[in-house]
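Note sheet for the following structure.
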Amino acid sequence: RNVAWFTVDSTDLDWNVFARYLAAAVSPKTKVRDERDIAGFLGDLFTAPAKRKEDTLIVIDDIHHVFDARWFGEFFMLLLSSAVPKTHLLLLCRSKPPLPLWRLRSKQILNVVDEKMHSVSLTDEGVEMAQKLLAVTNLYDPVNLESLHILNQCLRAHTLFKRDVNYLVTDDGKV
């Protein structure tokens with residue numbers, strides 16, 4: 001299973017910083033190009049996932065930190081068009097996405113969770129991807145209920161809860 005996870009920080013507004021960390025998560029050999037060549041950077045970034053036979057999941061967590069970056073609109077539109085087959089993108093944010101992302105919601109590509117009820121749900125595509133990544137044929141089969149529960153708790157943690165606000169992690173790593 002190929003999973004790349006990049007958690008964006010509020011200090012990642014600079015394109016070179018953001019791109020360097022994203023490249024390190026997805027494909028460490030990718031050369032970071034300047035902001036004027038986002039398309040070239042993304043082409044290089046997806047070279048390694050394109051060569052893999054199995055699916056690749058790229059998670060960009062806390063992407064709301066860079067919604068206001070001057071390069072974000074171009075990056076986002078090129079990201080969607082540059083993704084190669086068998087590459088799945090999961091963008092996690094804790095605020096209402098900017099207009100380009102919100103339009104995807106109307107096309108039922110982006111699923112919006114109910115923050116007040118602290119609930120999340122996988123779309124049909126999300127269930128299919130989870131089944132592939134977990135190598136199971138039916139995520140809702142009773143033998144897989146523990147995996148489903150863990151997956152749902154992880155989704156809730158990354159989409160709804162904030163560390164040190166909704167939960168605490170002790171020095172020894174216990175939640």
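We did not get these values from a lab; they are worked out from the coordinates using the rules stated. Given the structure is predicted, the values throughout are model-derived calculations rather than measurements. Glycine gets a Cβ as well: all are built from the backbone with ideal geometry, and neighbour counts include every protein chain shown.
Close amide H contacts of Leu57 (hydrogens built in the peptide plane, cut-off under 5 Å, sequence separation of 5 or more or a different chain): Asn2, Val3, Ala4, His88.
Taking amide H as placed 1.01 Å from N in the peptide plane, Val32 has no amide H partner under 5 Å among residues 5 or more places away or on another chain. Per-residue 3J(HN,Hα) values for region 71-79, derived from phi via the Karplus relation 6.51 cos²θ - 1.76 cosθ + 1.60 with θ = phi - 60°, read 8, 4, x, 5, 4, 4, 5, 6, 4 Hz in sequence order (x marks Gly and Pro).
Take the cross-link list Lys29/Lys132; Lys132/Lys162; Lys31/Lys174; Lys29/Lys174; Lys132/Lys174 and give me the ones stretching past 32 Å between alpha-carbons.
Details: Lys29/Lys132 27 Å; Lys132/Lys162 28 Å; Lys31/Lys174 37 Å; Lys29/Lys174 34 Å; Lys132/Lys174 29 Å.
Cα-Cα > 32 Å for Lys31/Lys174; Lys29/Lys174; rest within.
Please give, to one decimal in nm, the separation of the simple spin-label points placed at Glu125 and Arg94, each 7 Å out from Cα toward the Cβ. Rounded to a tenth, the inter-label distance reads 2.6 nm. You can think of it this way: the chain between Met77 and Asn2 has 24.7 nm of extra reach, that is 0.36 nm per residue less the Cα-Cα gap. Distance between the modelled labels on Lys86 and Lys162, one decimal in nanometres: 4.0 nm (7 Å Cα→Cβ projection).
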